[in-house]
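Peer 1: Dropping the structure in here first, questions after.
Nothing in this text is a laboratory measurement; each read-out follows from the coordinates by a stated rule. Note that this is a predicted model, so its numbers are computed, not measured. Heads up, the Cβs are rebuilt from the backbone with ideal geometry, glycines too, and the neighbour counts pull from every protein chain shown.
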Amino acid sequence: MSPHDAFHHTVHTAPGGLEALAVRLGMSAQILRNKANPNNNSNHVALRDVERVMELTGDYGTLHALAKSCGFVCIKIEDHVGPSDLALLEVVTSAMSANGGFGAAINKALEDGRIQQHEVEEVKDAAFEASRALHAVVARFQSLVRK
């Protein structure tokens, strides 16, 4: 998903809907609708809009889509760090699940004996998610280092 499409999705699936989000942003619903529309050239989304929408919705899909489009992954830095077997287990099992999704995407692409471009995109998406999950494990592990 492109960053613009991710922003559009976030705005249109915000709690209370686009109209409620627009009020919280202090702008008209039509302006926000235009900014979120990747095909609209009259109002452009600014970085401060993206940042504020992410803060208000808790949806960081736009951030991840932007990182992915530039060849990066991003992970959340935990606010509270400290030893926790459960927290470490959560990120490890999430990484295992993401790696399973990567394997499943490859398996599905190979089923009919030929690779199509949309299958390559699905494998790339699954690889991105697996990479992000593995980096989250490393970050969580790093947080356990005693200072």
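Peer 1: Å³ per residue of the Cα convex hull, for the range 85-143?
Peer 2: 51
Peer 1: Sticking with this structure for a sec: With label points built 7 Å along Cα→Cβ from the Cα atoms of A139 and M1, find their separation and express it in nm.
Peer 2: Taking the simple label geometry, A139 and M1 are separated by 1.8 nm.
Peer 1: Based on alpha-carbon centroids, what's the gap between the range 82-120 and the range 50-74 in Å, whole number please?
Peer 2: About 21 Å separates the Cα centre of the range 82-120 from the one of the range 50-74.
Peer 1: Give me the extension gain from A29 to I115: residue separation times 0.36 nm, minus the current Cα-Cα distance, reported in nm with one decimal.
Peer 2: 26.6 nm
Peer 1: Okay, moving on. Please state, rounded to one decimal and in Å, the Kirkwood hydrodynamic radius that the chain gives when every pair of distinct Cα atoms enters the mean of 1/r.
Peer 2: Details: mean 1/r = 0.0571 Å⁻¹.
Its Kirkwood hydrodynamic radius stands at 17.5 Å.
Peer 1: Please work out how much length the chain gains when fully extended from N39 to F72, using 0.36 nm per residue of separation minus the C-alpha to C-alpha distance, in nm with one decimal.
Peer 2: Working: separation 33, 0.36 × 33 = 11.88 nm, distance 2.55 nm.
So the chain would gain 9.3 nm between N39 and F72.
Peer 1: What dipole magnitude, in Debye to the nearest 20, does the chain give about its Cα centre under +1 on Lys/Arg Cβ and -1 on Asp/Glu Cβ?
Peer 2: Dipole size: approximately 440 debye.
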